[in-house]
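Colleague: Structure incoming, see below.
The values are calculated or read from the model by the stated rules, or taken from the named source; none is laboratory data. For clarity, every value in this text was computed on a predicted model and none was experimentally measured. Here the Cβ positions follow ideal geometry from the backbone for every residue, glycine too, while neighbour counts run over all protein chains shown. Accessible surface is based on the protein model in full, side chains and every heavy atom, while ligands, DNA and RNA are left aside. Shrake-Rupley method; radii C 1.70, N 1.55, O 1.52, S 1.80 Å.
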Amino acid sequence: MSDLFDAHPYQDRYPVLRGLPEHGRPKEEILAELHEMADVENASWSSGQCSGTMYCGDLEHYAFLTEAFGLFAHQNALQRDMCPSATRFEGEVIAMALDLMHADAIEGAEPAGLVTSGGTGSILQAMLSYRDHARATRGITAPNIVKPETAHPAFVKAAHLFGIELRTVPVDPVTTKVDPAVVAEAIDENTIAIIGSAGNYPYGSIDPIAELSALALERGVGLHVDGCLGGWLLPFCEELGHDVPVFDFRLPGVTSISADTHKYGYGLKGTSTVLFRDKALRNAAYFYVLDWTGGKYYSPGMEGSRSDGLLATAWASLVANGRAGYREHARGIFEVAAAMSEAVESHPELRRLGDSPFVVAFTSDVFDIYHVSDFMRTRGWRFNGLQYPNGLHLAVTRPQTQDGVVDRFRVDLADALAYAVAQEGAPESAAIYGGVPGGLTADVSEFIETVMEQLMDAQLSVPAAPDPASGASEPTPESGA
Ligand SMILES: *Cc1c(COP(=O)(O)O)cnc(C)c1O
(Lines give C-alpha, C1' and ligand atoms only; values in the text may rest on other atoms or scores of the structure.)
Protein backbone atom coordinates (compact mmCIF):
# COMPACT_ATOMS: atom_id res chain seq x y z
CA MET A 1 0.00 0.00 0.00
CA SER A 2 2.65 2.47 1.02
CA ASP A 3 4.16 2.41 -2.46
CA LEU A 4 0.78 3.32 -3.99
CA PHE A 5 -0.18 6.24 -1.80
CA ASP A 6 -0.58 6.98 1.88
CA ALA A 7 -4.14 5.98 2.75
CA HIS A 8 -3.81 7.07 6.37
CA PRO A 9 -2.26 10.53 6.46
CA TYR A 10 -4.53 11.49 9.36
CA GLN A 11 -3.59 8.70 11.73
CA ASP A 12 -0.81 10.72 13.32
CA ARG A 13 -2.83 13.90 13.39
CA TYR A 14 -6.13 12.73 14.86
CA PRO A 15 -7.11 9.89 17.15
CA VAL A 16 -8.16 6.76 15.29
CA LEU A 17 -11.67 5.70 16.19
CA ARG A 18 -12.04 1.98 16.68
CA GLY A 19 -15.54 2.09 18.04
CA LEU A 20 -18.42 4.48 18.67
CA PRO A 21 -17.35 7.07 21.24
CA GLU A 22 -19.48 7.11 24.40
CA HIS A 23 -19.71 10.89 24.47
CA GLY A 24 -20.27 13.27 21.62
CA ARG A 25 -17.79 16.02 20.80
CA PRO A 26 -18.50 19.75 20.55
CA LYS A 27 -19.68 20.62 17.07
CA GLU A 28 -17.25 23.54 16.68
CA GLU A 29 -14.38 21.20 17.38
CA ILE A 30 -15.63 18.68 14.83
CA LEU A 31 -16.07 21.37 12.21
CA ALA A 32 -12.61 22.77 12.86
CA GLU A 33 -11.16 19.32 12.28
CA LEU A 34 -13.17 18.87 9.08
CA HIS A 35 -12.01 22.27 7.82
CA GLU A 36 -8.39 21.26 8.40
CA MET A 37 -8.84 18.07 6.39
CA ALA A 38 -10.72 19.82 3.58
CA ASP A 39 -8.03 22.50 3.30
CA VAL A 40 -5.33 19.85 2.93
CA GLU A 41 -7.31 17.96 0.30
CA ASN A 42 -8.34 21.02 -1.71
CA ALA A 43 -4.65 21.90 -2.04
CA SER A 44 -4.17 18.72 -4.11
CA TRP A 45 -6.13 20.05 -7.09
CA SER A 46 -6.53 23.81 -6.70
CA SER A 47 -3.29 24.48 -8.59
CA GLY A 48 -5.00 23.08 -11.71
CA GLN A 49 -2.54 20.21 -12.16
CA CYS A 50 -4.91 17.32 -11.57
CA SER A 51 -6.55 15.42 -14.42
CA GLY A 52 -10.38 15.30 -14.36
CA THR A 53 -11.89 14.67 -10.93
CA MET A 54 -12.52 18.34 -10.03
CA TYR A 55 -14.63 19.47 -12.92
CA CYS A 56 -15.67 22.80 -11.44
CA GLY A 57 -13.23 23.70 -8.68
CA ASP A 58 -15.05 26.95 -7.88
CA LEU A 59 -15.41 26.97 -4.08
CA GLU A 60 -18.01 29.73 -4.28
CA HIS A 61 -20.17 27.56 -6.60
CA TYR A 62 -19.69 24.61 -4.23
CA ALA A 63 -20.81 26.76 -1.28
CA PHE A 64 -23.91 27.78 -3.22
CA LEU A 65 -24.71 24.13 -4.03
CA THR A 66 -24.07 23.17 -0.43
CA GLU A 67 -26.65 25.70 0.73
CA ALA A 68 -29.15 24.22 -1.75
CA PHE A 69 -28.24 20.75 -0.46
CA GLY A 70 -28.68 21.75 3.16
CA LEU A 71 -32.23 22.94 2.58
CA PHE A 72 -33.39 19.53 1.32
CA ALA A 73 -30.73 17.02 2.41
CA HIS A 74 -32.93 15.59 5.14
CA GLN A 75 -35.84 15.02 2.76
CA ASN A 76 -36.37 11.61 1.21
CA ALA A 77 -37.10 11.78 -2.51
CA LEU A 78 -38.96 8.49 -2.14
CA GLN A 79 -41.69 10.24 -0.11
CA ARG A 80 -43.00 12.62 -2.73
CA ASP A 81 -46.07 13.69 -0.79
CA MET A 82 -43.73 15.28 1.75
CA CYS A 83 -41.34 16.76 -0.76
CA PRO A 84 -42.95 17.72 -4.05
CA SER A 85 -39.72 19.69 -4.51
CA ALA A 86 -38.10 16.38 -5.53
CA THR A 87 -40.64 16.01 -8.29
CA ARG A 88 -39.89 19.51 -9.49
CA PHE A 89 -36.10 19.13 -9.29
CA GLU A 90 -35.91 15.73 -10.94
CA GLY A 91 -38.47 16.58 -13.61
CA GLU A 92 -36.74 19.82 -14.54
CA VAL A 93 -33.24 18.32 -14.48
CA ILE A 94 -34.46 15.61 -16.85
CA ALA A 95 -36.18 18.19 -19.05
CA MET A 96 -33.01 20.31 -19.22
CA ALA A 97 -30.85 17.27 -20.01
CA LEU A 98 -33.27 16.09 -22.70
CA ASP A 99 -33.26 19.57 -24.19
CA LEU A 100 -29.45 19.57 -24.30
CA MET A 101 -29.51 16.17 -26.03
CA HIS A 102 -31.99 17.42 -28.66
CA ALA A 103 -34.90 15.25 -27.56
CA ASP A 104 -37.05 17.73 -29.52
CA ALA A 105 -35.91 15.85 -32.63
CA ILE A 106 -37.58 12.65 -31.40
CA GLU A 107 -40.63 11.60 -33.39
CA GLY A 108 -43.10 8.88 -32.55
CA ALA A 109 -41.79 8.27 -29.04
CA GLU A 110 -42.01 9.97 -25.68
CA PRO A 111 -38.60 10.85 -24.21
CA ALA A 112 -38.00 10.31 -20.49
CA GLY A 113 -35.23 10.08 -17.94
CA LEU A 114 -34.07 9.47 -14.41
CA VAL A 115 -31.65 11.18 -12.09
CA THR A 116 -29.28 8.61 -10.61
CA SER A 117 -26.42 8.63 -8.12
CA GLY A 118 -23.67 8.84 -10.74
CA GLY A 119 -22.41 7.61 -14.07
CA THR A 120 -22.32 4.02 -12.95
CA GLY A 121 -25.86 4.34 -11.64
CA SER A 122 -27.02 5.71 -14.99
CA ILE A 123 -25.31 2.95 -16.96
CA LEU A 124 -26.60 0.21 -14.66
CA GLN A 125 -30.11 1.62 -14.90
CA ALA A 126 -29.96 1.77 -18.70
CA MET A 127 -28.63 -1.78 -19.05
CA LEU A 128 -31.30 -3.09 -16.67
CA SER A 129 -33.94 -1.32 -18.77
CA TYR A 130 -32.63 -2.88 -21.98
CA ARG A 131 -32.59 -6.33 -20.38
CA ASP A 132 -36.11 -6.17 -19.00
CA HIS A 133 -37.54 -4.42 -22.05
CA ALA A 134 -35.97 -6.98 -24.42
CA ARG A 135 -37.28 -9.83 -22.30
CA ALA A 136 -40.80 -8.40 -22.43
CA THR A 137 -40.87 -7.32 -26.06
CA ARG A 138 -38.46 -9.69 -27.82
CA GLY A 139 -38.56 -12.70 -25.51
CA ILE A 140 -34.79 -12.55 -24.97
CA THR A 141 -33.68 -14.64 -22.01
CA ALA A 142 -29.92 -14.82 -22.71
CA PRO A 143 -29.14 -11.19 -23.51
CA ASN A 144 -25.83 -9.71 -24.63
CA ILE A 145 -24.43 -6.22 -25.09
CA VAL A 146 -21.59 -5.14 -27.38
CA LYS A 147 -19.05 -2.77 -25.83
CA PRO A 148 -15.99 -1.13 -27.38
CA GLU A 149 -12.99 -1.95 -25.17
CA THR A 150 -12.66 1.76 -24.37
CA ALA A 151 -16.21 2.04 -22.95
CA HIS A 152 -16.36 2.35 -19.18
CA PRO A 153 -16.09 -0.60 -16.74
CA ALA A 154 -19.58 0.30 -15.48
CA PHE A 155 -20.86 -1.71 -18.49
CA VAL A 156 -18.80 -4.69 -17.31
CA LYS A 157 -20.31 -4.22 -13.87
CA ALA A 158 -23.82 -4.11 -15.37
CA ALA A 159 -23.21 -7.32 -17.32
CA HIS A 160 -21.84 -8.94 -14.17
CA LEU A 161 -24.72 -7.85 -11.94
CA PHE A 162 -27.58 -8.45 -14.33
CA GLY A 163 -26.50 -11.69 -15.99
CA ILE A 164 -25.91 -10.09 -19.37
CA GLU A 165 -23.23 -11.50 -21.66
CA LEU A 166 -20.58 -8.92 -22.42
CA ARG A 167 -19.10 -8.83 -25.91
CA THR A 168 -16.05 -6.58 -25.97
CA VAL A 169 -14.78 -5.41 -29.34
CA PRO A 170 -11.43 -3.71 -30.05
CA VAL A 171 -11.06 -0.12 -31.20
CA ASP A 172 -8.94 1.15 -34.05
CA PRO A 173 -5.49 1.76 -32.50
CA VAL A 174 -4.92 4.85 -34.65
CA THR A 175 -8.24 6.66 -34.27
CA THR A 176 -8.99 5.14 -30.80
CA LYS A 177 -12.62 4.80 -31.97
CA VAL A 178 -14.70 1.69 -32.53
CA ASP A 179 -15.23 0.40 -36.06
CA PRO A 180 -18.99 -0.10 -36.67
CA ALA A 181 -18.20 -3.08 -38.95
CA VAL A 182 -16.54 -4.85 -36.00
CA VAL A 183 -19.56 -4.07 -33.81
CA ALA A 184 -21.87 -5.41 -36.53
CA GLU A 185 -20.09 -8.77 -36.46
CA ALA A 186 -20.65 -9.13 -32.71
CA ILE A 187 -24.42 -8.53 -32.90
CA ASP A 188 -26.76 -11.50 -32.94
CA GLU A 189 -30.44 -12.17 -32.24
CA ASN A 190 -29.81 -11.92 -28.46
CA THR A 191 -28.16 -8.52 -28.58
CA ILE A 192 -30.16 -6.04 -26.56
CA ALA A 193 -27.91 -3.00 -27.02
CA ILE A 194 -24.67 -1.76 -28.48
CA ILE A 195 -22.60 0.97 -26.86
CA GLY A 196 -20.73 4.03 -28.04
CA SER A 197 -18.99 6.70 -25.98
CA ALA A 198 -19.06 10.49 -26.32
CA GLY A 199 -16.34 10.63 -25.30
CA ASN A 200 -14.68 7.62 -23.85
CA TYR A 201 -12.70 7.87 -20.63
CA PRO A 202 -9.23 6.81 -21.86
CA TYR A 203 -8.91 9.20 -24.80
CA GLY A 204 -11.98 11.41 -24.70
CA SER A 205 -12.70 10.14 -28.21
CA ILE A 206 -16.19 10.16 -29.66
CA ASP A 207 -17.12 6.85 -31.28
CA PRO A 208 -18.79 7.05 -34.72
CA ILE A 209 -22.26 7.36 -33.19
CA ALA A 210 -24.01 8.20 -36.51
CA GLU A 211 -22.81 4.90 -38.02
CA LEU A 212 -23.64 3.00 -34.83
CA SER A 213 -27.10 4.59 -34.93
CA ALA A 214 -27.67 3.35 -38.48
CA LEU A 215 -26.41 -0.09 -37.47
CA ALA A 216 -28.68 -0.22 -34.41
CA LEU A 217 -31.72 0.64 -36.53
CA GLU A 218 -30.79 -1.88 -39.20
CA ARG A 219 -30.35 -4.69 -36.67
CA GLY A 220 -33.19 -3.70 -34.35
CA VAL A 221 -31.05 -3.29 -31.21
CA GLY A 222 -30.72 -0.44 -28.72
CA LEU A 223 -27.84 2.04 -28.79
CA HIS A 224 -26.64 3.52 -25.52
CA VAL A 225 -24.44 6.59 -25.86
CA ASP A 226 -22.22 7.00 -22.82
CA GLY A 227 -21.99 10.75 -22.39
CA CYS A 228 -21.18 10.46 -18.68
CA LEU A 229 -17.96 12.36 -19.31
CA GLY A 230 -18.76 14.49 -22.36
CA GLY A 231 -22.50 14.89 -22.09
CA TRP A 232 -22.44 18.22 -20.31
CA LEU A 233 -19.44 19.53 -22.25
CA LEU A 234 -19.46 18.42 -25.89
CA PRO A 235 -22.81 20.03 -26.81
CA PHE A 236 -21.16 23.39 -26.12
CA CYS A 237 -18.30 22.46 -28.42
CA GLU A 238 -20.88 22.42 -31.21
CA GLU A 239 -22.49 25.66 -29.97
CA LEU A 240 -19.06 27.31 -30.05
CA GLY A 241 -18.78 26.40 -33.71
CA HIS A 242 -16.22 23.59 -33.40
CA ASP A 243 -16.44 20.51 -35.52
CA VAL A 244 -17.91 17.83 -33.26
CA PRO A 245 -19.91 14.87 -34.55
CA VAL A 246 -23.57 14.61 -33.57
CA PHE A 247 -24.05 11.96 -30.88
CA ASP A 248 -27.46 12.70 -29.37
CA PHE A 249 -31.17 12.05 -30.01
CA ARG A 250 -30.97 13.73 -33.42
CA LEU A 251 -29.63 10.35 -34.52
CA PRO A 252 -32.69 8.10 -34.77
CA GLY A 253 -30.93 4.96 -33.55
CA VAL A 254 -29.80 6.47 -30.24
CA THR A 255 -32.14 4.96 -27.64
CA SER A 256 -30.49 6.11 -24.41
CA ILE A 257 -27.81 8.52 -23.19
CA SER A 258 -26.03 8.86 -19.86
CA ALA A 259 -24.68 12.30 -18.90
CA ASP A 260 -23.20 13.11 -15.51
CA THR A 261 -24.28 16.27 -13.77
CA HIS A 262 -21.50 15.58 -11.25
CA LYS A 263 -18.81 15.89 -13.91
CA TYR A 264 -19.00 18.77 -16.43
CA GLY A 265 -22.47 19.69 -15.09
CA TYR A 266 -20.41 21.13 -12.19
CA GLY A 267 -22.74 19.62 -9.59
CA LEU A 268 -21.78 17.99 -6.32
CA LYS A 269 -20.76 14.35 -6.41
CA GLY A 270 -23.71 11.99 -6.42
CA THR A 271 -25.87 12.85 -9.42
CA SER A 272 -26.13 11.88 -13.08
CA THR A 273 -28.85 11.74 -15.71
CA VAL A 274 -29.92 8.80 -17.83
CA LEU A 275 -32.18 9.65 -20.73
CA PHE A 276 -34.37 7.43 -22.87
CA ARG A 277 -35.72 8.03 -26.37
CA ASP A 278 -38.89 6.27 -25.33
CA LYS A 279 -40.62 6.12 -21.99
CA ALA A 280 -41.32 2.42 -22.49
CA LEU A 281 -37.62 1.71 -22.07
CA ARG A 282 -37.37 3.71 -18.85
CA ASN A 283 -40.57 2.23 -17.49
CA ALA A 284 -39.18 -1.27 -18.02
CA ALA A 285 -37.01 -0.56 -14.97
CA TYR A 286 -39.88 0.52 -12.73
CA PHE A 287 -39.96 -1.63 -9.65
CA TYR A 288 -42.83 -2.37 -7.29
CA VAL A 289 -43.94 -4.92 -4.73
CA LEU A 290 -47.67 -4.85 -4.17
CA ASP A 291 -48.17 -7.57 -1.55
CA TRP A 292 -45.62 -6.62 1.07
CA THR A 293 -46.61 -6.42 4.74
CA GLY A 294 -45.18 -2.90 4.87
CA GLY A 295 -47.58 -1.66 2.25
CA LYS A 296 -47.40 -1.31 -1.51
CA TYR A 297 -43.81 -0.46 -2.36
CA TYR A 298 -42.55 1.17 -5.51
CA SER A 299 -39.38 2.93 -6.66
CA PRO A 300 -38.78 4.27 -10.17
CA GLY A 301 -35.17 3.11 -10.25
CA MET A 302 -32.81 0.79 -8.43
CA GLU A 303 -32.28 3.00 -5.43
CA GLY A 304 -34.55 3.18 -2.43
CA SER A 305 -34.36 6.31 -0.29
CA ARG A 306 -32.65 9.14 -2.11
CA SER A 307 -31.54 12.55 -0.96
CA ASP A 308 -33.78 15.37 -2.13
CA GLY A 309 -30.78 17.55 -1.32
CA LEU A 310 -28.73 16.02 -4.11
CA LEU A 311 -31.59 16.53 -6.57
CA ALA A 312 -31.68 20.18 -5.45
CA THR A 313 -27.93 20.55 -6.10
CA ALA A 314 -28.13 19.11 -9.61
CA TRP A 315 -31.02 21.44 -10.40
CA ALA A 316 -29.28 24.44 -8.83
CA SER A 317 -26.06 23.82 -10.75
CA LEU A 318 -27.82 23.65 -14.12
CA VAL A 319 -29.97 26.69 -13.39
CA ALA A 320 -27.04 28.74 -12.05
CA ASN A 321 -24.91 28.08 -15.12
CA GLY A 322 -27.46 28.13 -17.91
CA ARG A 323 -26.45 27.46 -21.49
CA ALA A 324 -24.33 30.61 -21.68
CA GLY A 325 -22.46 29.77 -18.49
CA TYR A 326 -21.67 26.24 -19.67
CA ARG A 327 -20.61 27.57 -23.04
CA GLU A 328 -18.14 30.03 -21.51
CA HIS A 329 -16.62 27.40 -19.22
CA ALA A 330 -16.38 25.03 -22.19
CA ARG A 331 -14.64 27.69 -24.26
CA GLY A 332 -11.88 27.96 -21.65
CA ILE A 333 -11.54 24.18 -21.37
CA PHE A 334 -11.25 23.69 -25.15
CA GLU A 335 -8.64 26.46 -25.39
CA VAL A 336 -6.49 24.94 -22.67
CA ALA A 337 -6.84 21.42 -24.11
CA ALA A 338 -5.82 22.69 -27.55
CA ALA A 339 -2.77 24.46 -26.12
CA MET A 340 -1.73 21.39 -24.11
CA SER A 341 -2.24 19.12 -27.13
CA GLU A 342 -0.06 21.43 -29.17
CA ALA A 343 2.63 21.22 -26.50
CA VAL A 344 2.47 17.41 -26.63
CA GLU A 345 2.58 17.37 -30.43
CA SER A 346 5.60 19.70 -30.46
CA HIS A 347 7.72 16.84 -29.03
CA PRO A 348 8.67 14.15 -31.56
CA GLU A 349 9.22 11.67 -28.70
CA LEU A 350 5.51 11.86 -27.85
CA ARG A 351 2.54 10.59 -29.79
CA ARG A 352 -0.93 11.93 -29.12
CA LEU A 353 -3.71 9.36 -28.75
CA GLY A 354 -7.05 10.37 -30.24
CA ASP A 355 -8.26 13.84 -31.20
CA SER A 356 -10.46 14.81 -28.27
CA PRO A 357 -11.25 18.48 -27.77
CA PHE A 358 -10.92 18.11 -23.98
CA VAL A 359 -8.78 15.07 -23.11
CA VAL A 360 -5.06 15.27 -23.82
CA ALA A 361 -3.88 11.65 -24.11
CA PHE A 362 -0.42 10.62 -25.24
CA THR A 363 2.18 7.89 -25.30
CA SER A 364 5.76 7.49 -26.44
CA ASP A 365 7.36 5.06 -28.85
CA VAL A 366 10.80 6.10 -27.55
CA PHE A 367 10.59 5.48 -23.78
CA ASP A 368 8.14 4.16 -21.20
CA ILE A 369 5.65 7.00 -20.82
CA TYR A 370 5.24 6.30 -17.10
CA HIS A 371 8.66 7.88 -16.58
CA VAL A 372 6.97 11.11 -17.64
CA SER A 373 4.26 10.50 -15.05
CA ASP A 374 6.90 9.80 -12.37
CA PHE A 375 8.61 13.10 -13.09
CA MET A 376 5.43 15.14 -13.45
CA ARG A 377 4.31 13.92 -10.01
CA THR A 378 7.35 15.58 -8.51
CA ARG A 379 6.07 18.85 -10.01
CA GLY A 380 2.61 18.34 -8.56
CA TRP A 381 0.85 16.96 -11.65
CA ARG A 382 -1.64 14.13 -11.35
CA PHE A 383 -2.22 12.36 -14.65
CA ASN A 384 -4.37 9.32 -15.23
CA GLY A 385 -2.50 6.27 -16.46
CA LEU A 386 -3.71 4.26 -19.48
CA GLN A 387 -2.74 0.80 -20.68
CA TYR A 388 -2.75 -1.13 -24.02
CA PRO A 389 -0.77 0.88 -24.98
CA ASN A 390 0.71 2.53 -21.88
CA GLY A 391 -0.30 6.15 -21.98
CA LEU A 392 -1.16 9.18 -19.87
CA HIS A 393 -4.07 11.51 -20.06
CA LEU A 394 -5.11 14.80 -18.64
CA ALA A 395 -8.85 15.47 -18.80
CA VAL A 396 -8.96 19.26 -18.85
CA THR A 397 -11.32 20.80 -16.32
CA ARG A 398 -11.96 24.30 -15.04
CA PRO A 399 -9.08 24.38 -12.51
CA GLN A 400 -6.72 24.10 -15.50
CA THR A 401 -8.13 27.24 -17.07
CA GLN A 402 -6.43 29.41 -14.42
CA ASP A 403 -3.62 31.63 -15.62
CA GLY A 404 -0.24 29.98 -15.79
CA VAL A 405 -1.28 26.31 -15.87
CA VAL A 406 -0.59 25.83 -19.58
CA ASP A 407 2.80 27.50 -19.24
CA ARG A 408 3.70 25.26 -16.30
CA PHE A 409 2.58 22.27 -18.36
CA ARG A 410 4.89 23.23 -21.25
CA VAL A 411 7.91 23.74 -19.01
CA ASP A 412 7.35 20.68 -16.82
CA LEU A 413 6.61 18.43 -19.79
CA ALA A 414 9.86 19.43 -21.51
CA ASP A 415 11.78 18.72 -18.30
CA ALA A 416 9.95 15.40 -17.92
CA LEU A 417 11.05 14.32 -21.38
CA ALA A 418 14.69 15.09 -20.56
CA TYR A 419 14.25 12.96 -17.43
CA ALA A 420 12.47 10.12 -19.28
CA VAL A 421 15.11 9.67 -22.01
CA ALA A 422 17.79 9.41 -19.33
CA GLN A 423 16.01 6.59 -17.43
CA GLU A 424 17.13 2.99 -17.71
CA GLY A 425 15.14 1.22 -14.99
CA ALA A 426 11.40 0.61 -14.81
CA PRO A 427 9.12 3.52 -13.90
CA GLU A 428 7.16 3.58 -10.65
CA SER A 429 3.85 4.65 -12.19
CA ALA A 430 1.18 2.32 -13.52
CA ALA A 431 -2.34 2.58 -14.84
CA ILE A 432 -4.96 2.66 -12.12
CA TYR A 433 -8.30 4.29 -12.85
CA GLY A 434 -9.13 7.00 -10.43
CA GLY A 435 -6.01 6.48 -8.35
CA VAL A 436 -2.57 7.92 -8.33
CA PRO A 437 -0.39 5.76 -10.54
CA GLY A 438 1.93 3.79 -8.30
CA GLY A 439 4.12 0.69 -8.32
CA LEU A 440 2.45 -2.44 -9.64
CA THR A 441 4.26 -5.73 -9.42
CA ALA A 442 3.66 -9.49 -9.29
CA ASP A 443 0.05 -10.60 -9.11
CA VAL A 444 -2.10 -7.66 -10.12
CA SER A 445 -5.49 -8.93 -8.96
CA GLU A 446 -4.07 -9.85 -5.58
CA PHE A 447 -2.55 -6.39 -5.33
CA ILE A 448 -5.80 -4.65 -6.28
CA GLU A 449 -7.74 -6.72 -3.76
CA THR A 450 -5.26 -5.74 -1.08
CA VAL A 451 -5.64 -2.09 -1.99
CA MET A 452 -9.43 -2.27 -1.80
CA GLU A 453 -9.28 -4.12 1.48
CA GLN A 454 -6.97 -1.57 3.03
CA LEU A 455 -9.12 1.32 1.84
CA MET A 456 -12.42 -0.16 2.91
CA ASP A 457 -11.26 -1.51 6.23
CA ALA A 458 -9.03 1.48 6.71
CA GLN A 459 -9.40 2.03 10.41
CA LEU A 460 -9.18 -1.64 11.21
CA SER A 461 -5.90 -1.90 9.33
CA VAL A 462 -4.25 1.07 11.02
CA PRO A 463 -1.69 -0.20 13.50
CA ALA A 464 -3.00 0.10 17.02
CA ALA A 465 -1.86 3.08 19.04
CA PRO A 466 1.05 2.29 21.39
CA ASP A 467 -1.11 2.85 24.46
CA PRO A 468 -4.58 1.42 23.85
CA ALA A 469 -5.92 3.03 26.99
CA SER A 470 -5.30 6.55 25.68
CA GLY A 471 -5.42 6.04 21.94
CA ALA A 472 -8.68 4.25 21.34
CA SER A 473 -12.10 5.77 21.09
CA GLU A 474 -11.81 9.06 22.91
CA PRO A 475 -9.81 12.00 21.58
CA THR A 476 -7.00 13.06 23.87
CA PRO A 477 -4.59 15.97 23.57
CA GLU A 478 -1.62 13.59 23.24
CA SER A 479 -3.03 11.60 20.35
CA GLY A 480 -4.46 14.57 18.52
CA ALA A 481 -1.20 16.23 17.51
C1 LIG B 1 -16.84 8.73 -15.14
C2 LIG B 1 -17.36 7.91 -16.25
C3 LIG B 1 -18.35 6.93 -16.04
C4 LIG B 1 -18.80 6.46 -14.67
O5 LIG B 1 -19.16 7.44 -13.86
P6 LIG B 1 -19.14 7.40 -12.27
O7 LIG B 1 -19.80 8.68 -12.00
O8 LIG B 1 -17.72 7.33 -11.83
O9 LIG B 1 -19.90 6.24 -11.79
C10 LIG B 1 -18.86 6.30 -17.15
N11 LIG B 1 -18.41 6.58 -18.37
C12 LIG B 1 -17.44 7.49 -18.61
C13 LIG B 1 -16.99 7.74 -20.00
C14 LIG B 1 -16.88 8.17 -17.55
O15 LIG B 1 -15.89 9.06 -17.76
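Colleague: Between A414 and V40, 0.36 nm times their residue separation minus their Cα-Cα distance comes to what? The partial results should precede the final answer.
Modeller: Working: separation 374, 0.36 × 374 = 134.64 nm, distance 2.88 nm.
Extra length from A414 to V40 when fully extended: 131.8 nm.
Colleague: Can you work out the accessible area per residue across the chain, with the rest of the protein chains kept in place, probe 1.4 Å, in square angstrom? Before the final figure, lay out each step's value.
Modeller: Numbers: 22430 Å² over 481 residues.
I get 47 Å² per residue for the chain.
Colleague: Moving on to the next point. Ranking request for peptides 301-309, 15-23, 368-376: highest mean number of other beta-carbon atoms within 10 Å first, then the rest in descending order.
Modeller: On the way: 301-309: 18.2, 15-23: 11.7, 368-376: 22.9.
Ranked from most to least packed, the peptides come out as 368-376, 301-309, 15-23.
Colleague: Also, I was wondering about something else. Can you give the extra length, in nm with one decimal, that the chain gains between W292 and E28 once fully stretched, where that is 0.36 nm per residue apart less the Cα-Cα distance? If you can, show how the numbers build up before the last one.
Modeller: Values: separation 264, 0.36 × 264 = 95.04 nm, distance 4.42 nm.
The span from W292 to E28 would gain 90.6 nm if fully extended.
Colleague: Right, another one. Using a basic spin-label model with each label point 7 Å from the Cα along Cα→Cβ, how many nm lie between T141 and D104?
Modeller: Inter-label distance under the simple model: 4.6 nm.
Colleague: Please sort 112-120, 329-337 by packing, taking for each peptide the average over its residues of neighbouring beta carbons within 10 angstrom, highest first.
Modeller: Values: 112-120: 22.8, 329-337: 20.0.
Ranking the peptides 112-120, 329-337 by packing returns 112-120, 329-337.
Colleague: Can you give the calculated 222 nm mean residue ellipticity of the chain, where each DSSP H run of n ≥ 4 adds -39,500 (n - 2.57) and the sum is split over every residue, rounded to the nearest 500 deg cm²/dmol? Before the final figure, lay out the partial values.
Modeller: Details: 15 runs with 192 residues, N = 481.
Taken over the chain, the calculation gives -12500 deg cm²/dmol.
Colleague: Taking the simple approach of a point 7 Å from Cα along Cα-to-Cβ for both E165 and D443, what is their distance in nm?
Modeller: 3.1 nm
Colleague: Which entries of K269/K296; K147/K269; K157/K269; K157/K296; K157/K177 show an alpha-carbon separation above 24 angstrom in the structure shown?
Modeller: Working: K269/K296 31 Å; K147/K269 26 Å; K157/K269 20 Å; K157/K296 30 Å; K157/K177 22 Å.
Over 24 Å Cα-Cα: K269/K296; K147/K269; K157/K296.
Colleague: Sort largest first and round to whole Å: the equivalent ellipsoid semi-axes of the range 311-380, each the square root of five times a Cα gyration tensor eigenvalue. List each step's numbers first, then the result.
Modeller: Details: eigenvalues 221, 44, 19 Å².
Semi-axes (√(5λ), whole Å): 33, 15, 10.
Colleague: Along its principal axes, what span do the Cα atoms of the range 16-133 show, with the longest given first and each in whole Å?
Modeller: Sorted largest first, the three principal extents are 59, 41, 29 Å.
Colleague: To continue, here is another question. Taking amide hydrogens as modeled 1.01 Å from N in the peptide plane, which residues meet the under 5 Å criterion relative to G113, leaving out close sequence neighbours?
Modeller: Those qualifying (amide H under 5 Å, at least 5 residues apart or on another chain) are F276.
Colleague: So, counting K/R as plus one and D/E as minus one, what does the shell of residues with Cβ under 9 Å around W381 add up to?
Modeller: On the way: positive: R377, R379, R382, R408; negative: D412.
With Lys, Arg at +1 and Asp, Glu at -1, the net is +3.
Colleague: Let me ask something else about it. About the Cα centre, and with charges only on the beta carbon of Lys, Arg (+1) and Asp, Glu (-1), how big is the dipole of the chain? Nearest 20 debye, please.
Modeller: On the way: 33 positive and 64 negative charges, 262 e Å.
Result for the chain is approximately 1260 debye, rounded to the nearest 20.
Colleague: Order of 93-102, 201-210, 398-407 by packing, highest average Cβ count within 10 Å first?
Modeller: Values: 93-102: 21.1, 201-210: 25.0, 398-407: 16.5.
The most tightly packed comes first, giving 201-210, 93-102, 398-407.
Colleague: Based on the Cβ-Cβ distance of A338 and T450, what FRET efficiency does E = 1/(1 + (r/R0)^6) give at R0 = 56 Å, to the nearest 0.05?
Modeller: Numbers: r = 41 Å, r/R0 = 0.72.
Efficiency computed from Cβ-Cβ geometry: 0.85.
Colleague: On to the next question. Accessible area of the chain with a 1.4 Å probe: how many percent of it is carbon plus sulfur?
Modeller: Values: 12540 of 22430 Å².
Roughly 56 percent, rounded to a whole number.
Colleague: When a/c reaches 1.5 or more, the comparison of a/b and b/c decides; with that in mind, is the range 21-77 rounded, prolate or oblate per its Cα gyration tensor? Don't skip to the answer; put the middle values down first.
Modeller: Numbers: a/c = 2.59, a/b = 1.31, b/c = 1.97.
Here the range 21-77 falls in the oblate category.
Colleague: Given T271, V178, F72, which one lies farthest toward the positive end of the charge dipole of the range 71-318, if we put +1 on the Cβ of every Lys and Arg and -1 on the Cβ of every Asp and Glu?
Modeller: F72
Colleague: Given 0.36 nm per residue, what is the gain on full extension from D81 to A184 after removing their alpha carbon distance, in nm?
Modeller: Contour length minus Cα-Cα distance gives 32.4 nm.
Colleague: Further question on the same structure: Under 8 Å for C-alpha pairs, at least 6 residues apart: give me the relative contact order for the range 71-318, rounded to a whole percent. Mind showing how you got there, number by number?
Modeller: On the way: 513 pairs, mean separation 70.4, N = 248.
Rounded, it is 28 percent for the range 71-318.
Colleague: How much of the calculated P(r) for the chain lies past 27 Å, in percent of all Cα pairs? Let's see the in-between values first.
Modeller: On the way: 69676 of 115440 pairs.
Distances greater than 27 Å cover 60 percent of the Cα pairs.
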